[in-house]
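Each reported figure results from applying straightforward, stated rules to the coordinates on display, with no laboratory input. Keep in mind that this is a model prediction, so the values were computed, not measured. Cβ atoms come from the backbone with ideal geometry, glycine included; neighbour counts cover every protein chain shown.
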Amino acid sequence: MADLVTFKTQGHVAIFTLNRPRAYNAISAELAEEFEAHMRTFEANEDLWIGVVTSSQNKASKPLAFVACCRLPPRCAHFILLMFSRLPI
């Protein structure tokens, strides 16, 4: 793999980072293959509840993030909604 997508975890959160800043993180066949491999890792680990996709940045942009997938126990849903309601838009 060429590290077009990095994958790390923090607690119950998986963070996928797209690393093609020169191409504005456009999806290529290679990036899609790496992302799919990391998604399989995410899906196989029941301790990971939330997947966040973010992007590396070039000099003219800021990194962006959004929730890509979610597997939450019911008790966590309220907390997550509260967290996202406080994000600046």
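Under the shape rule built on the C-alpha gyration tensor, where the axes satisfy a ≥ b ≥ c, the range 2-61 is oblate, since a/c reaches at least 1.5 while a/b does not exceed b/c. Here the simple spin-label model places points 7 Å from the Cα toward Cβ, and for Ser28 and Asp3 these points are separated by 1.5 nm.
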